[in-house]
Amino acid sequence: MTTTRQDMRPTPKAGILDVAAYVPGKEHAPGVAKVHKLSANETPLGASKHAIDAFREAAEKLAIYPDGQATVLKKAIADVHRLNPENILCGNGSDELLGLLCQTYLSPGDEAIYTEHGFLVYRNYIMAAGAGPVVARENSERAEVDSILSAVTPRTKIIFLANPNNPTGTYLPFEEVRRLHGGLPKHVLLVIDAAYAEYVRRNDYEAGVELVSSFENVVMTRTFSKIYGLAALRIGWMFAPVHVIDAVNRIRGPFNMNSAAILAGSAAVRDRAHVAEAAAFNETWLVWLTEQLTGLGLRVTPSVGNFLLVHFPEDPAKSAEKADAYLTSKGYILRRVTGYGFPNALRLSIGSEEANLGVVAALSEFLK
């Protein structure tokens with residue numbers, strides 16, 4: 001037998017090297033004096049002052065392990081959202097919790113479904129668990145319940161539904177989510193990723209609390225990286241039946257959250273005035289940017305999040321690729337979304353007043 005170099009080193013388990021590593025949006029514009037980063041859906045208002053003070057308080061106890069149960073944070077979340085803390089699990093960003101759910105409930109040969117333009121991380125976590133990712137087609141850049149249900153097979157174990165979805169900004173009304181759940185076998189876990197729930201201002205939207213409270217096969221995940229302005233601390237949480245919390249807790253790292261994140265997150269979620277201010281700011285500029293960009297002749301997918309999916313003309317000289325290069329040269333960094341199935345679109349995060357005004361002016365110049 002011939003020995004190869006690969007035989008002389010550890011080899012990843014089957015399927016790992018088939019996973020495409022997640023690539024975040026760019027952050028820098030070389031040679032530009034002032035850069036407006038509009039590629040990561042970060043809040044332009046920053047974190048609550050109370051959260052910043054709590055973060056500084058944590059610096060006095062760096063030699064002490066954090067509370068492995070994140071008790072203070074769970075209580076704050078439970079108090080604000082009127083939930084039972086026993087149904088809450090906190091993690092190092094909601095990404096960690098999504099991955100833990102895959103590790104807990106997926107085995108080789110199983111399948112998990114996500115929608116056509118859903119968060120790319122779903123696919124990665126599904127494959128890392130040895131399961132098969134299944135894509136359900138969307139309709140007009142929105143999740144389609146019948147498409148998801150038609151993709152369910154005896155191998156299906158998890159459905160991932162981003163609601164609202166990133167990068168489209170579209171959402172499913174609560175009755176449609178209820179219809180989706182009603183069509184699933186009881187052993188299939190419906191995971192509602194509600195990372196942008198705090199931004200939604202629609203009467204027919206519900207983040208998932210009601211379904212989780214009523215059924216044994218629904219989980220809702222949330223994040224502190226968006227409206228709370230704590231992306232650097234990586235804080236996520238999920239609301240789930242106790243049996244799901246118990247199962248995931250068995251493989252969760254014993255200290256998966258640091259003390260600064262626990263304290264800052266607790267202060268942030270209780271600062272409702274800051275959240276309300278951020279939501280109002282976003283609503284104002286979401287409407288304004290949609291109107292301005294549409295007025296420039298660009299198609300904008302209707303969004304309820306803190307970002308817009310902007311589609312560019314078929315003219316090669318006015319493509320998303322050319323627009324991205326032009327905007328970067330002017331200091332405006334947007335997100336290419338080719339990997340999400342939109343080769344001729346850019347995702348624009350709602351930024352500061354200066355950034356919003358500037359990016360519209362730059363796009364106007366580009367399109368002339």
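Among residues of the range 203-219 that are assigned to a loop (DSSP other than H, G, I, E, B), those with a Cβ under 7 angstrom from a residue that is basic (Lys, Arg), sequence gap 6+ or separate chain, pair up as Asn217/Lys186. All of Val248, Val242, Val269 fail the test of being open to solvent by 50 Å² or more (accessible area, probe 1.4 Å) and at pLDDT 95 or above, apart from Val242. Counting only residues that are without any contact (Cβ under 8 Å) to a residue 40 or more places away in the chain and surrounded by 15 or more Cβ atoms within 10 Å (Cβ to Cβ), the range 346-364 holds 3 of them. All of (1) under 21 Å from the mean Cα position of the chain (by Cα); (2) open to solvent by 30 Å² or more (accessible area, probe 1.4 Å); (3) more than 28 Å from Leu308 (Cβ to Cβ) hold for Ala280 with one exception: (3). Restricting to the range 85-111, name every residue that is closer than 21 Å to Asp67 by Cβ and more than 19 Å from the chain's Cα centre (by Cα). Within the range 85-111, Pro85, Glu86, Asn87 qualify. Per the listing Leu189, Leu180, Leu120, the residue uniquely of a type outside the set (Gly, Ala, Ser), modelled with pLDDT under 95 and in contact with a helix residue (DSSP H, G or I) (Cβ under 7 Å, 6 or more places away or on another chain) is Leu120.
In summary, Leu45 fulfils each of the numbered conditions (1) within 24 Å of the chain's Cα centre (by Cα); (2) closer than 30 Å to Arg123 by Cβ with the single exception of condition (2).
Of the residues in the range 75-90, at least one is within 23 Å of Pro24 (Cβ to Cβ), in contact with a strand residue (DSSP E or B) (Cβ under 9 Å, 6 or more places away or on another chain) and either free of Cβ contacts under 8 Å to residues at least 40 places away in the same chain or open to solvent by less than 10 Å² (accessible area, probe 1.4 Å) (or both). Taking the range 26-58, which residues are within 19 Å of Leu263 (Cβ to Cβ), of a type in the set (A, V, I, L, M) and open to solvent by 20 Å² or more (accessible area, probe 1.4 Å)? Ala47, Ile52, listed by residue number.
The values are calculated or read from the model by the stated rules, or taken from the named source; none is laboratory data. Not measured: the values here are computed from a predicted model. Cβ: placed from backbone, ideal geometry, glycine included. Neighbour counts: every protein chain shown. Keep in mind that these areas ignore ligands, DNA and RNA; they rest on the heavy atoms of the full protein, side chains included. Shrake-Rupley method; radii C 1.70, N 1.55, O 1.52, S 1.80 Å.
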